[in-house]
Amino acid sequence: MLRLENIKIREELNNEEVVKIACKKNNIRLEDVLEFYIFKISIDARNKEDIFYNYTIDVEVKDEKKYSKIKKVEKQVNQIEIIKKRKSEKRPVVIGAGPAGLFCGLFLAEYGLNPIIIEQGKTVEERQKDVEAFINTGKLNTKSNIQFGEGGAGTFSDGKLTSGIHDPLCKIVLNRFVDFGAPEQIKYINKPHIGTDNLVKIVSNIRNYIISKGGEFLFNEKVIDFEIKDKKLTKIISDNREIETDTAVLAIGHSARDTFEKLYEKDVYMEKKNFSVGVRIEHKQEMINNSQYGNKSKLNLPPAEYKLAYHDELTGRSCYTFCMCPGGFVMASSSEENTIVTNGMSKFARNEKNANSAVLVNVNPEDFKGESPLEGMYFQKELEKKAFKLGGSNYYAPIQRVEDFFENKKTDNLGEISPTYKPGVTYSNLNDILPEFVADTLKNGIKYFDTKIKGFANKDAILTGVETRSSSPVKIVRNDDFMAKDVYGLYPCGEGPGYAGGIMSSAVDGIKCAIKIIEHE
């Protein structure tokens, strides 16, 4: 393949028209082109006077020798080679049907291992009804909600497929998502996202395919115990049955607190790890667009995004934005009674009035006095309980204007920005519940972010508390075979055990665990 880079496009064109321009720029005859692939598209908005799309395109030509000066790359491979060595006749069990569990189950099924996938929540279609019921009525189902259920926590988010990892399996994940109904553009846009509305359908398609390949799903079923003999896994025990197995994948997600406690009780080795807590901030999407793009471009640009970070010399903490949702909503994301948890969500079109993002501050293991590796989990829960009480003990979230947050006073009225959180909100002072180091770092961070995005510290911007589930507070240590330390056959996988952070990296880790199982004799 020939790689054509730095193709600047300043008007709305289809891919075929862009390829013609790219070929002309590189003196490639169109009749020589056999096939083309859009490798990447990004938006260059550094100069607000001249915003353009920057394309990278791979083209296959009849005779590469004619174009010897153009960069050559290998043709994209959409398959990976896995050598099946597994001899055990016992079916592997996958605990959790989030992206890690689904992609692990997908590959196990395709290689004839007939996995059993256990999910304490409901199918994604039924789960969607429970989420809507909670938003509309405040009635929480602790087994089926934004955190628990088929598709995992990322299903009711923005469906972001960006990741800090640079693994060849990322391309495989994107291609498989497209196979199951995702928009083709996720293969090449710089910051791909699927949107909650698309994810619901895609997750359902993945499930049906796994079943067609011999996999089995057990919904509304909670794993409550593990039988471990001579440091080997022998049985999985749920609230409905016992399953003899020598292989179980812990794709349990970052909110499976009961399971973390059970594993700790079983002496499965785990450690404290860093995580972050904070709030959700809401602005008008129009303001974010103007700040990022200006108002002179004639391109039909997508709703603007941002990603910001700040290190506070006074507190020694880092503050950063996370899971930014253009044109979206702040979501009620509790999974336990009498707690408030927030998250962000966007549909594929990202066409709502407000933009939102988590603004988080790092928390370290040294911040907890206890020796248990679960201390971070208990810290999260205590903060969520305080937010529930501050919000009125009715699943209304405590909110505060940025100006009032800076001045440490309770909000008593709204300005130009209205909150999107449902079932409702309560005017509050978030300083009353946030640890001092978190509140102080947030204030300094928000002020700094205003120097990067004019209007970020808008006095009327809304802060909604609290965001605590950005990542897992524990790490279940695994060896080179991806098995838990000292427990043969137990595979910690994905975000919950501390090996991923988001849909993409979780799916990749699910595939890696599947490969280890398939290739393990």
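The table for this structure:
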| quantity | calculated |
| --- | --- |
| Net charge over other residues, Cβ less than 12 angstrom from the Cβ of ASP130 (K, R count +1; D, E count -1) | +1 |
| Estimated distance in nm for a label pair at LYS24 and ASN351, the labels positioned 7 Å out from Cα along Cα-to-Cβ | 3.3 |
| Identified option (computed semi-axes √(5λ) of the Cα gyration tensor in Å; candidates (i) 34, 31, 23; (ii) 42, 26, 23; (iii) 36, 35, 19) | (iii) |
| Using distinct alpha-carbon pairs, which all enter the 1/r mean, Kirkwood radius of region 377-463 in Å | 13.5 |
| Cα-based equivalent ellipsoid of region 100-234: semi-axis lengths in Å, sorted from largest, via gyration tensor | 25, 23, 14 |
| Equivalent ellipsoid semi-axes, region 185-282, via Cα gyration tensor eigenvalues times 5, rooted, Å | 31, 23, 13 |
| Loop-located GluC sites (Glu not before Pro) in region 9-100, at most 14 other Cβ atoms within 10 Å (DSSP) | GLU11, GLU12, GLU49, GLU74, GLU81, GLU89 |
| Kirkwood hydrodynamic radius of region 272-398, from inverse mean 1/r over distinct Cα pairs, in Å | 16.5 |
| FRET efficiency, GLU265 to SER212 (Cβ-Cβ, R0 56 Å, nearest 0.05) | 0.90 |
| Length added when fully stretched, ASN136-LEU299, from 0.36 nm per residue minus Cα-Cα | 54.9 nm |
| Spin-label zone in region 203-237 - amide nitrogen under 18 Å from a point set 7 Å from the Cα of HIS520 along the C-beta vector | 226-237 |
| Cα-based Rg of region 350-390 normalised by 2.2 N^0.38 Å, two decimals | 1.66 |
| Total formal charge among the other residues, if their Cβ is under 9 angstrom from that of ALA153, Lys/Arg +1 and Asp/Glu -1 | 0 |
| Cβ-Cβ FRET estimate between ASN114 and LYS84, R0 fixed at 22 Å, reported to 0.05 | 0.95 |
| Value at 222 nm in deg cm²/dmol, rounded to 500, when DSSP H runs of n ≥ 4 in the chain each add -39,500 (n - 2.57) | -8000 deg cm²/dmol |
| From the C-alpha gyration tensor of region 142-195, square roots of 5λ in Å | 22, 12, 11 |
| Share of Cα-Cα pairs in region 191-245 lying beyond 12 Å, as whole percent | 75 |
| Region 375-451: GluC sites (Glu not before Pro) falling in loop per DSSP and having at most 15 other Cβ within 10 Å | GLU416 |
| Amide H contacts under 5 Å for ALA332, placed H, 5+ residues apart | LYS422 |
| In Hz, Karplus ³J(HN,Hα) per residue of region 103-118 (6.51, -1.76, 1.60; θ = phi - 60°; x = Gly, Pro) | 6, 5, x, 4, 6, 4, 5, 5, 9, x, 8, 6, x, 9, 10, 9 |
| Estimated distance in nm for a label pair at ILE237 and LYS191, the labels positioned 7 Å out from Cα along Cα-to-Cβ | 4.8 |
| Loop trypsin sites (Lys or Arg not before Pro), region 450-521, which have at most 15 other Cβ atoms in a 10 Å radius of their Cβ (DSSP) | LYS452, LYS454, LYS459, LYS485 |
| Simple spin-label estimate for GLU382 and ASP44 in nanometres, 7 Å along Cα-Cβ | 5.1 |
| Full-stretch length increase - ASP225, GLU126 - with 0.36 nm per residue and alpha-carbon distance subtracted | 33.1 nm |
| Pairwise Cα inverse-distance average, inverted: Kirkwood Rh of region 460-521 (Å) | 13.1 |
| Relative contact order [Cα under 8 Å, 6+ residues apart], the chain, whole percent | 19 |
| Charge sum, other residues only, whose C-beta stays under 11 Å from ASP58's C-beta, Lys/Arg counted +1 and Asp/Glu -1 | +1 |
| With every protein chain in place, the chain: carbon and sulfur % of accessible area (1.4 Å) | 45 |
| ILE165-ASN413 FRET efficiency (beta carbon distance; Förster radius 51 Å; 0.05 resolution) | 0.70 |
| Distance between region 61-100 and region 467-487 - C-alpha centres, whole angstrom | 26 |
| The chain: antiparallel DSSP beta bridges as a percent of all, rounded to 5 | 80 |
| Given charges at Cβ of Lys, Arg, Asp, Glu: region 346-437 dipole, positive-most of THR426, GLN400, PHE437 | THR426 |
| Per residue solvent-accessible surface (Å²) - the chain, probe of 1.4 Å | 44 |
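The values are calculated or read from the model by the stated rules, or taken from the named source; none is laboratory data. These figures come from a predicted structure and were not determined experimentally. Every residue, glycine as well, gets a Cβ built from its backbone with ideal geometry; the counts of neighbours run over all protein chains shown. Ligands, DNA and RNA are stripped out before the accessible areas are found, and what is left, the full protein with its side chains, is counted by its heavy atoms. Shrake-Rupley method; radii C 1.70, N 1.55, O 1.52, S 1.80 Å.
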